[in-house]
Amino acid sequence: MQPSLAQSEPLLQAAAGPEGAHGRPIQLGHAQDSAMHDALREALRERLRGRPYPLLAERDPSGLRLLPGAALWRLAIEQIRLWRSAGVMPGDILLDTPTGIDGVVRIVAALVGGFVYWPLAAARLRPLNRQLAPTISEHRMLARRVWSLPLDSPNYPVPISSPPALDALGDLPADTAVLLETSGASSGSPALIALDSAALLHQLEGHARALDLREGEVRACVLPWRRAFGFVLDLLLGLWSGQTLWLAPDGARQPRALLSLCREERVEHLASTPGGVDLLLWAAADGPALPLLRVHSGGAPVADGLAQRARRQFGGWVEGYGLTECGPGVLLDGHAVDCDVKLNPTLGELYVRTASLGHFVGRPERLDAGGWLNSRDLGRRVPDGRIEILGRSGSPIRYDTTVERSSCRAPGSTAP
């Protein structure tokens, strides 16, 4: 039987290790540095350096792997040194397929070091690694150099000649921190979103407060990190809040294994799509309830009846569907999270104005003169003040949004 976290104190002490491999300071920065990037970098430093939490945990064929926050910080700094020695400069774009603890180290290194991080599925990244790369001298002539982190040796970046969306990459905002692709399920075609440090900070601060997240709480991470919901509102939010993160990327496809993890490790937080929640409820149908587990559902509408079943089985339930394309997490249980929202009185389209919005890469800007974005979500305001999302413009979808119990303290919405 594999040990649980409660049995692993010696492993934690061993994972922390000495202060850095070389003990040398490294110059951290961004080619186009900004106050917001400085704030994000310093906030990550404060949450990781010298602290046991957040703690990363995963089970692989070799057994239980653990990495305290202090060790995560040191490994991220060493990763930055490796990339810089290979010629990668702040502001360059790094294409990666992050998985497990090593993937989290690279994500933190990219955010701290001022690189632009672009997570892709392995099937997307492999063909790029086979392209003939330009010489370093030719590559330096590009406004932003683009590098691939090969699946078999991600510590050694390779410049690539034809990255996806090459023509649009020249128009990235100067302070872009991460590039994320949408699924295209709600809009009909995938889009590339650039999120800057200010958008990330706004999302993390607002959701940590609204969901009342605490240091040391246990979270199971099952969502893919190439989408905004999984990258920002699951992985980064858990790191930001100082939680213990169990990395279980197969959990959504293996609901019985995820259920066992939740019970054995006393998991308190899970972010998942409605489909993943449905599978977990199926696996848990014949067993006792999970009173410690609070589930944050997003990424898709919630089918009729699913919310009621979830509230009976879990200790907390919150719905976050709405505006996932250009900035994850505008609504929690129908309440706006640190943003302004209003409804078009004729069509019912939801308009949003918030610092968390990203930039559509290679597409016309969709903000109006007042900074409002038409999300194309259709909604209505119900008597208690919540906004009930009915679907998308052109394809309304009815689903249950009745709220009997909320696990979060979301701020009220405003209607300018």
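No lab work stands behind these numbers, since they all come straight from the coordinates. Small disclaimer: the values here were computed from a predicted structure and weren't measured. We place every Cβ from the backbone using ideal geometry, glycine too, and count neighbours over all the protein chains shown.
Taking the criterion of being surrounded by 23 or more Cβ atoms within 10 Å (Cβ to Cβ) and without any contact (Cβ under 8 Å) to a residue 60 or more places away in the chain, the residues of region 96-105 that qualify are Asp96, Val105. Please go through region 249-291 and pick out each residue that is of a type in the set (A, V, I, L, M, F, W, C), closer than 23 Å to Ala228 by Cα and crowded, with 22+ Cβ neighbours inside 10 Å. Hits for region 249-291 are Leu258, Val267, Leu270, Ala271, Val277, Leu280. The requirement of being more than 20 Å from the chain's Cα centre (by Cα) and touching a residue at least 60 places away in the same chain (Cβ under 8 Å) is not satisfied by Leu48. On the stretch given as region 354-392, residues that are touching a residue at least 40 places away in the same chain (Cβ under 8 Å), part of a strand (DSSP E or B) and more than 24 Å from Glu181 (Cβ to Cβ) total 4. Could you tell me whether any residue of region 178-193 is surrounded by fewer than 22 Cβ atoms within 10 Å (Cβ to Cβ), within 21 Å of Pro54 (Cα to Cα) and of a type outside the set (Ser, Thr, Tyr)? No, there is no match, as no residue in region 178-193 is surrounded by fewer than 22 Cβ atoms within 10 Å (Cβ to Cβ), within 21 Å of Pro54 (Cα to Cα) and of a type outside the set (Ser, Thr, Tyr).
Take region 201-248 and flag every residue that is β-branched (Val, Ile, Thr) and surrounded by 24 or more Cβ atoms within 10 Å (Cβ to Cβ). Of everything in region 201-248, those that are β-branched (Val, Ile, Thr) and surrounded by 24 or more Cβ atoms within 10 Å (Cβ to Cβ) turn out to be Val222, Val232, Thr244.
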